[in-house]
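Data block below; observations after.
The values are calculated or read from the model by the stated rules, or taken from the named source; none is laboratory data. Keep in mind that what you see is a predicted model, and the values were worked out from it rather than measured. Here the Cβ is made from the backbone with ideal geometry for all residues, glycine too, and neighbour counts use every protein chain on show. These accessible areas exclude ligands, DNA and RNA; they are computed on the full protein's heavy atoms, side chains included. Shrake-Rupley method; radii C 1.70, N 1.55, O 1.52, S 1.80 Å.
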Amino acid sequence: AMTSAYTKNRSNGKFVGRVDELSNGQSKKFTLRRGGRDFEAMLINCQGNFFAYTNSCPHVGLTLDWVDNQFFTVDSRYLMCANHGAVFEPSTGECVWGPCVGATLQSLTLNIEGGQIFARYPGINEES
């Protein structure tokens, strides 16, 4: 019984922020554990919608932000990798310009409840 209660509590994912914390074009970093390791990820607000991706460029696997937590382009329209200038669509994570065009950032599943945002890897504790 303890196991199922634990799983149920975990299914929302990890609390990573509140909706009122980020305005359009803002981001916040967090870590998510998988397979005993902590992976860096980012929560972003793009035109009032929230998305989350692991902070790893599909080009060479480096983190995207050179200046800490700087993911958006100046006009807040795209995400950009500081290493080699790959540009990503914030709503899909797809690279639209740069060395890894067509590749995608690893997206994370978000659950928003009562203004709180929870993140998890897709496919883990997925409820039908």
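With the other protein chains left in place, how much accessible area per residue, in square angstrom, belongs to the chain at a 1.4 angstrom probe? Per-residue value: 58 Å². What you get for the chain, charging only the Cβ of Lys and Arg (+1) and of Asp and Glu (-1), is a dipole of about 420 debye around the Cα centre.
Within the accessible area of the chain, the carbon and sulfur atoms contribute 50%, probe 1.4 Å, all protein chains present.
Computed on the chain, the Cα convex hull volume stands at 115 Å³ per residue. Expressed in units of 2.2 N^0.38 Å, where N is the residue count, the Cα radius of gyration of region 62-128 is 1.28. Region 74-126 and region 14-32 have Cα centres separated by 13 Å.
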